[in-house]
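Undergrad: Encoded as structure tokens, here's the structure I'll be asking about.
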Amino acid sequence: MKRIANFLFEAGMLKRTPRSGFQFLGSGAESVAEHIFRTVYIGFTLGHLVKGVDTDKLLRMCLFHDLPEARTGDLNYVNKKYVKVDEEKAVNDLADTLPFGDEIRDSIFEFLEGKTIEAQLAYDADQLELILALKEYKDLGNTYADEWLAFALKRLKTDAAAELAKTILETDSSLWWFSDKSDWWIKGKK
């Protein structure tokens with residue numbers, strides 16, 4: 001149980017591990033845990049858009065794909081030009097301590113290998129989470145977001161993700177809650 005408790009503390013470190021790329025965008029901030037949170041929802045969605053997908057496997061990959069960053073930190077694209085992380089060692093060191101470690105190890109390594117449809121969709125969920133964040137920052141006036149979006153869109157691997165990305169870019173990020181511009185916003189009731 002001690003090793004499981006340690007695992008849960010380690011997973012909690014992701015709440016305090018910042019995603020490092022936003023410093024170059026000039027706006028925005030999120031933790032790795034916040035990124036994973038929405039990535040899981042996106043993976044669930046993609047798993048229902050594509051036939052024949054093992055959605056449970058897809059969700060595990062989305063959940064665990066950045067778990068090693070509790071040990072390695074988040075490296076943005078500039079960092080990756082200069083720093084080499086031994087992600088395999090980080091994964092193995094964690095997995096070797098847990099009775100369910102093989103499931104975590106298998107999920108992360110399948111994600112990294114990227115050959116199965118579930119791995120490709122998990123990868124796309126990871127990219128779509130960035131695309132959603134960039135669209136939100138673009139809608140708030142960050143002029144650099146468009147340039148980043150162009151590169152993120154090119155990383156998508158599946159047709160379902162590309163189609164969803166197209167719709168994301170055509171959708172105002174605030175209208176999910178602000179499309180009803182009625183007297184409710186004045187009186188607070190219907």
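We did not get these values from a lab; they are worked out from the coordinates using the rules stated. Bear in mind that the values here come from a model prediction, so they are computed numbers and not experimental data. Reconstructed Cβ throughout: ideal geometry from the backbone, glycine too, with neighbour counts over all protein chains shown.
Undergrad: Would you mind checking the range 33-54 for residues with the amide N under 12 Å from a putative spin-label position 7 Å along Cα→C-beta of Asp93?
TA: none
Undergrad: Rounded, prolate or oblate: which fits the range 2-173 when a ≥ b ≥ c are the square roots of the eigenvalues of the alpha-carbon gyration tensor, with rounded for a/c under 1.5 and prolate only if a/b beats b/c?
TA: oblate
Undergrad: Moving on to the next point. Using modelled amide H (1.01 Å from N, peptide plane; none on Pro or chain starts), what sits under 5 Å from the amide H of Ser31, excluding residues fewer than 5 places away?
TA: Under 5 Å from the amide H of Ser31: Arg19.
Undergrad: Follow-up question, since we're still on this one. Quick one: what are the phi-derived ³J(HN,Hα) couplings along the range 124-130, Karplus 6.51/-1.76/1.60 with θ = phi - 60°, whole Hz, x for glycine and proline?
TA: In residue order, the calculated couplings are 5, 4, 4, 5, 5, 5, 5 Hz.
Undergrad: State, to one decimal in nm, how far the label point of Thr116 lies from the label point of Glu163, with both points 7 Å from Cα in the Cβ direction.
TA: It works out to 2.3 nm between the two label points.
Undergrad: Now for a separate question. Are there trypsin sites (Lys or Arg not before Pro) in the range 158-189 that DSSP puts in a loop and that have at most 14 other Cβ atoms within 10 Å, and which ones?
TA: Hits after loop and neighbour filter: Lys181, Lys189.
Undergrad: While we're on this one: By the gyration tensor of its Cα atoms, with a ≥ b ≥ c the square roots of the eigenvalues, what is the shape of the range 1-84: rounded for a/c under 1.5, prolate for a/b over b/c, or oblate?
TA: Oblate.
Undergrad: By how many nm would the segment from Asn6 to Thr45 lengthen if fully extended, with 0.36 nm per residue of separation less the alpha-carbon distance?
TA: Values: separation 39, 0.36 × 39 = 14.04 nm, distance 3.10 nm.
Value of the extension gain: 10.9 nm.
Undergrad: Between Glu30 and Asp56, what length in nm is gained on full extension when 0.36 nm per residue of separation is reduced by their alpha carbon distance?
TA: Stretched fully, the Glu30-Asp56 segment lengthens by 6.8 nm.
Undergrad: What angle do you read, to the nearest 10 degrees and between 0 and 90, between the alpha-carbon axis of helix 159-170 and the longest principal axis of the chain?
TA: So the inclination is approximately 40 degrees.
Undergrad: Further question: Add +1 for every Lys or Arg and -1 for every Asp or Glu among the other residues with Cβ under 13 Å from the Cβ of Arg19, and state the total.
TA: So the environment of Arg19 carries a net charge of -4.
Undergrad: By the scheme Lys and Arg +1, Asp and Glu -1, what is the net charge of all other residues having a beta-carbon under 11 Å from that of Arg155?
TA: On the way: positive: Lys154, Lys157; negative: Asp124, Asp126.
Net local charge, Arg155 excluded: 0.
Undergrad: Could you tell me the relative contact order of the range 2-173? Use alpha-carbon pairs under 8 Å, at least six residues apart, and round to a whole percent.
TA: Over the range 2-173, the number comes to 23 percent.
Undergrad: The range 34-116: which trypsin sites (Lys or Arg not before Pro) are DSSP loop and have at most 14 other beta-carbon atoms within 10 angstrom?
TA: Of the trypsin sites (Lys or Arg not before Pro), the ones in loops of the range 34-116 whose Cβ has at most 14 other Cβ atoms within 10 Å are Lys51, Lys81, Lys84, Lys115.
Undergrad: Tabulate in residue order the Karplus-calculated ³J(HN,Hα) for the range 142-155, using 6.51 cos²θ - 1.76 cosθ + 1.60 with θ = phi - 60°, rounded to whole Hz; enter x for Gly and Pro.
TA: My calculation for the range 142-155 gives 6, 6, 7, 4, 4, 5, 5, 4, 4, 6, 4, 4, 5, 7 Hz in order.
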